[in-house]
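This report refers to the structure that appears directly beneath it.
Read-outs: derived from the displayed coordinates by stated rules, not from any lab. None of these values were measured; they are calculated from a predicted model. Cβ coordinates were reconstructed from backbone atoms using ideal geometry, including for glycine residues, and neighbour counts include every protein chain displayed.
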Amino acid sequence: MIKPIENWKDAYDPLSFALKHGLTLEQAKVVISTNGPSRHSCDIGALAFRRTLDIRKRKRHAKSADG
């Protein structure tokens, strides 16, 4: 469940955050909700999230190349 982030003071704007980190708007909201309202924590969370997406993508690609 995503925490309501609209009223968090000094939290990232989800659209700006999504554009900054190459995320969808929904992904940005999840990262902000789970790591915020600290901007630093959100930035670190976005890096970890992107790395996880990249790892999953590489694994899927390797699996399809083997299959």
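Side notes on the structure shown:
- Trypsin sites (Lys or Arg not before Pro) within region 1-43, DSSP loop, no more than 15 other Cβ atoms inside 10 Å: Lys9
- Calculated [222 nm] ellipticity per residue, helices only, for the chain: -23000 deg cm²/dmol; basis is -39500 (n - 2.57) per DSSP H run with n ≥ 4, divided by all residues, nearest 500.
- Lys/Arg +1, Asp/Glu -1 at C-beta; the chain dipole; positive extreme among Thr52, Pro4, Thr24: Thr52
- One entry in (i) -0.39; (ii) -0.92; (iii) -0.49 is log10 I(q)/I(0) by the Debye sum over Cα atoms at q = 0.15 Å⁻¹ calculated from the shown coordinates; its label is (iii).
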